[in-house]
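K.L.:
Questions regarding the structure given below will be posed in turn.
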Amino acid sequence: MLFNSIEFVFFFFPATLAGFFLFGRRTAGMALAWLIVSSIVFYAWWRPLNVLIIAPSIAINYAIARTLVRLPADRRGAAWSNAVLALGIAFNVAFLGYFKYVNFLATVANDVAGTNFVFEQVMLPLGISFITFQKIAFLVDVHARRIEVFTLREYMLFVFFFPQLIAGPIVHYREMMPQFRAATCRFDREHVAVGLTLFIFGLFKKVVLADGIAARVSPIYAMAAAGEQVSLLPAWIAAFGFTLQIYFDFSGYSDMAMGLARCFGVRLPANFDSPLKARNIIDFWLRWHITLTRFLTAYLYNPVALALTRRRMARGLAPLRPRKFDGGAFLHLLALPTLLTMLVSGVWHGAGYTFMLWGLLHGVYLVVNHAWRQAVVARMPDKARYERVMGPVGWVLTLLSVAVAMVLFRADSVSAAAELLQGMFGGNGVRLPPAIADALARATGGLPAWLGTSNELTGRGLVVGGAWVAALLGLALAAPNSLQVLARYEPALLAGAAPGRGGVMLRTLQWRPTAAWAAGLSVVAVIAVGRIGAKSEFLYWQF
């Protein structure tokens, strides 16, 4: 069941929320039990077999966590605890690997060995990547004694809570469970008003903005997948168009997830904070999929970087110093962990060569950005002047870099991505639809030799696609995001937006429970609901 479906909006969510409040009048325990059962129904709705597949994994992780809790804290217990944790992580990685990557690994084996083995398609449980990372984080936190007390009901609620079950955010037990334990499970006007506002924002972003531009973008990617040449303008529309499609898709999903959780009195971690406003790629990853960045930094990058640092210092070599650029230390202690982390990020998003290349490309971006900071920016005498001059340049470079990488993320194959990238950089020439070319020729007395004609897009298709890109890019850059609009009411955990800051537009759009806001949101909701059922690509559920 998807958030942008009739079944969810008009049946499942109202019934679940009503039952939660009704049971909450008796006891909070009954309300939370109802929420667990409802979340399992939500997960099983599309394909009931999903529950049967994921249930053994959840049970095994619970048993491993109970074992970790029971082990003593002495040296012998610590050795056993490390072994049990390693076993738990290996199990989760193997579980994810089988269901998500076995077919891809078979493809790689065929490509390397020149064979043609055919494997049956393995059914991929919904949200398996998010669920697996969440369970790994839980085991690590139990092992580190950050979690010492938990019940089966609390664990089930942590794993199955439906607002974040399918596509995140990746939450920690210790930031969610205190909220559930403190929840009154009673109707709260502020929680419901803020939650419904966030949900309406997110639904509109998804079904109107993301799905709207998808109709302009998908045909161009289909052309590249079919081996057709894509010239300069359509290629850039495809690149920027998909960047904006996934931007509003993920932003919309994040708003809907936060809004749904807030209706139950729970704040989810912030997961999306206007990443297209970032002035460098490091800042982009602090704003895009925030909880994934947090997870990969804490559980992969930091342990790898620390282990490499210890090994390097044991050999008598200098560690990485922030104010003294050492090329060898930089490559060994920062570049290598960064590339590994982003490769894992790419593979986590999808099983395919394009996702691997997307992750590695972002790793290269980050390495270059870190090198520039340490080798150049750190030596600048006037940091404020540098930021005034280079800030806009950095924003342009970041936006272009993200758009180029998104071609790999969206393309059906490496060859399709290469076709689009070739078009973006002029390899397929500059061609206009005949109607526009004829009008331009009449206006200027003839077309220049380098400008040709093509039927890739109609004149209307080119203009409308360009208009969609311009409009959505302007909206993403000029408008405050949901965290800022609702900052006064703390819409999320870890949100840094301060109420009342950010210029005239933000002050004007500060949300309050007023009749004017209710009327405006009603119009937005009607428009969004009217789009439910139209052709839709929900991008993040598959991860």
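The values are calculated or read from the model by the stated rules, or taken from the named source; none is laboratory data. Quick caveat, the model's predicted, so the values are computed rather than measured. Positions of Cβ are generated from backbone atoms using ideal geometry, with glycine treated the same way; all protein chains shown enter the neighbour counts. When the accessible area is computed, the model is the full protein with side chains, heavy atoms only, and any ligands, DNA or RNA have been set aside. Shrake-Rupley method; radii C 1.70, N 1.55, O 1.52, S 1.80 Å.
K.L.:
Being of a type in the set (A, V, I, L, M, F, W, C), open to solvent by less than 50 Å² (accessible area, probe 1.4 Å) and closer than 15 Å to Q229 by Cα is the requirement here; does V469 meet it? Before you say what the answer is, go through the steps one by one.
P.N.:
Details: of a type in the set (A, V, I, L, M, F, W, C): yes; open to solvent by less than 50 Å² (accessible area, probe 1.4 Å): yes; closer than 15 Å to Q229 by Cα: no.
No, not satisfied.
K.L.:
Since G265 meets every condition but one in (1) in contact (Cβ under 8 Å) with a residue 24 or more places away in the chain; (2) in a helix (DSSP H, G or I), which condition does it not meet?
P.N.:
So G265 meets the others, but not (2).
K.L.:
Another one. Which residues, taken from region 434-454, are in a loop (DSSP other than H, G, I, E, B) and more than 18 Å from Y221 (Cα to Cα)?
P.N.:
G445, G446, L447, P448, A449, W450
K.L.:
Still on this model: Please name all residue pairs, on different chains or six or more residues apart, with Cβ atoms under 8 Å, provided the first residue is in region 361-384 and is touching a residue at least 60 places away in the same chain (Cβ under 8 Å) and surrounded by 14 or more Cβ atoms within 10 Å (Cβ to Cβ) and the second residue is part of a helix (DSSP H, G or I) and of a type in the set (G, A, S).
P.N.:
Correct list of pairs: H362/S345; H362/G346; H362/A405; Y365/S401; Y365/A405; H370/A335.
K.L.:
Continuing with this model, one more query. Taking the condition of being buried (at least 16 other Cβ atoms within 10 Å of the Cβ) and either among the aromatic types (F, W, Y) or in contact (Cβ under 8 Å) with a residue 12 or more places away in the chain (or both), how many residues in region 42-57 meet it?
P.N.:
7
K.L.:
Among L397, L408, which is in a helix (DSSP H, G or I), out of contact with any strand residue (DSSP E or B) (no Cβ under 6 Å at 6 or more places or on another chain), closer than 24 Å to G346 by Cβ and open to solvent by less than 40 Å² (accessible area, probe 1.4 Å)?
P.N.:
L408
K.L.:
Moving to a separate point now. Take the residues in region 142-153 that are within 27 Å of the chain's Cα centre (by Cα) and surrounded by 18 or more Cβ atoms within 10 Å (Cβ to Cβ); name whichever of them is nearest to I54 (Cα to Cα).
P.N.:
Filtering region 142-153 for residues that are within 27 Å of the chain's Cα centre (by Cα) and surrounded by 18 or more Cβ atoms within 10 Å (Cβ to Cβ), the one nearest to I54 (Cα to Cα) comes out as V142.
K.L.:
Take the residues in region 198-237 that are in contact with a Phe, Trp or Tyr (Cβ under 6 Å, 6 or more places away or on another chain) and among the hydrophobic types (A, V, I, L, M, F, W, C), then tell me which one is farthest from A525 (Cα to Cα).
P.N.:
V217
K.L.:
Search region 256-289 for residues being open to solvent by 10 Å² or more (accessible area, probe 1.4 Å) and among the basic types (K, R), and hand back the single one that is nearest to the chain's Cα centre (by Cα).
P.N.:
The qualifying residue nearest to the chain's Cα centre (by Cα) is R287.
K.L.:
Here's a follow-up. Conditions: (1) assigned to a helix (DSSP H, G or I); (2) open to solvent by 50 Å² or more (accessible area, probe 1.4 Å); (3) not aliphatic (A, V, I, L, M). G423 meets all but one. Number of the miss?
P.N.:
(2)
K.L.:
Scan region 3-27 for residues that are touching a Lys or Arg at 6+ places or on another chain (Cβ under 9 Å) and assigned to a helix (DSSP H, G or I) and jot them down. Show your work before the answer.
P.N.:
From region 3-27, those touching a Lys or Arg at 6+ places or on another chain (Cβ under 9 Å) are 3-4, 21, 24-25; that's our starting set.
Those that are touching a Lys or Arg at 6+ places or on another chain (Cβ under 9 Å) and assigned to a helix (DSSP H, G or I): F21, G24.
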